[in-house]
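Participant: Pasting a structure below so you can have a look.
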Amino acid sequence: MNFQFAHINDITVITVLSDKFTNIIASEFRDMMTKSVDDGNLNFILDLSHVEYMDSAGLGSIITANNILSENVKKTGTKGKIVICNVEDRVKSIFSIFHMNLVLSLFLTREDAINSFSDK
């Protein structure tokens, strides 16, 4: 498995264990996030501390997961979000190039990401 899961209160922390977030992992991530949202999970931290390279498929799967979550939140009238932490500079540049750093919140540390949920 390419992911490790942890739960902190109502937050699901997903750590990508691969150093490359590309097509195969992106597909697995998208499927896993769809199931997790369908199961009622609404708050996610995506920890990219192991990821050294991300391509458009990896970024696209995160965008898709965010869209799935947003649709569910609108439909149910609840609150939820995906935030990302521990992003290496090379990977962070992918978010910047596609302006996704304006859509998704990026945090330096997991602690900062966890704290971002206190002002939901």
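The values are calculated or read from the model by the stated rules, or taken from the named source; none is laboratory data. As the structure is a prediction and not an experimental result, all values here were calculated from the model. Counting neighbours? That spans all protein chains shown, and the Cβs are built from the backbone with ideal geometry, glycine included.
Participant: Considering only residues that are part of a loop (DSSP other than H, G, I, E, B) and out of contact with any Asp or Glu (no Cβ under 6 Å at 6 or more places or on another chain), look in the stretch 51-63 and name the one that is nearest to V103 (Cα to Cα). Break it down into steps so the answer makes sense when it comes.
Facilitator: Looking only at the stretch 51-63, we keep the residues that are part of a loop (DSSP other than H, G, I, E, B), and these are 51-52, 55.
Then drop every residue that is not out of contact with any Asp or Glu (no Cβ under 6 Å at 6 or more places or on another chain), which leaves 51, 55.
On the way: V51: 20, D55: 18 Å.
Ranking the candidates gives D55 first.
Participant: Just to verify a result, which residue in the stretch 61-120, among those that are acidic (D, E) and under 22 Å from D10 (Cα atoms), is modelled with the lowest pLDDT?
Facilitator: D119
Participant: How do the pairs read when you match residues in the stretch 50-72 that are free of Cβ contacts under 8 Å to residues at least 24 places away in the same chain with residues anywhere that are in a strand (DSSP E or B), using Cβ under 9 Å and keeping only pairs 6 or more apart or on different chains?
Facilitator: S70/K81
Yes or no, residue by residue, for (1) modelled with pLDDT of 95 or more; (2) crowded, with 19+ Cβ neighbours inside 10 Å; (3) in contact with a Lys or Arg (Cβ under 9 Å, 6 or more places away or on another chain):
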| position | (1), (2), (3) |
| --- | --- |
| M1 | no, no, no |
| L17 | yes, no, no |
| K20 | yes, no, no |
| N23 | no, no, no |
| F29 | yes, yes, no |
| G40 | no, no, no |
| I45 | yes, yes, yes |
| S56 | no, no, no |
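Participant: Which ones in the stretch 71-120 are assigned to a loop (DSSP other than H, G, I, E, B), over 21 Å from D39 (Cα atoms) and among the basic types (K, R)?
Facilitator: Going through the stretch 71-120, the residues assigned to a loop (DSSP other than H, G, I, E, B) turn out to be 77-80, 86-88, 98-99, 103-104, 108-109, 120.
After this cut, where a residue has to be over 21 Å from D39 (Cα atoms) as well, the list is 86-88, 98-99, 103-104, 108-109.
Within the stretch 71-120, no residue meets the criteria.
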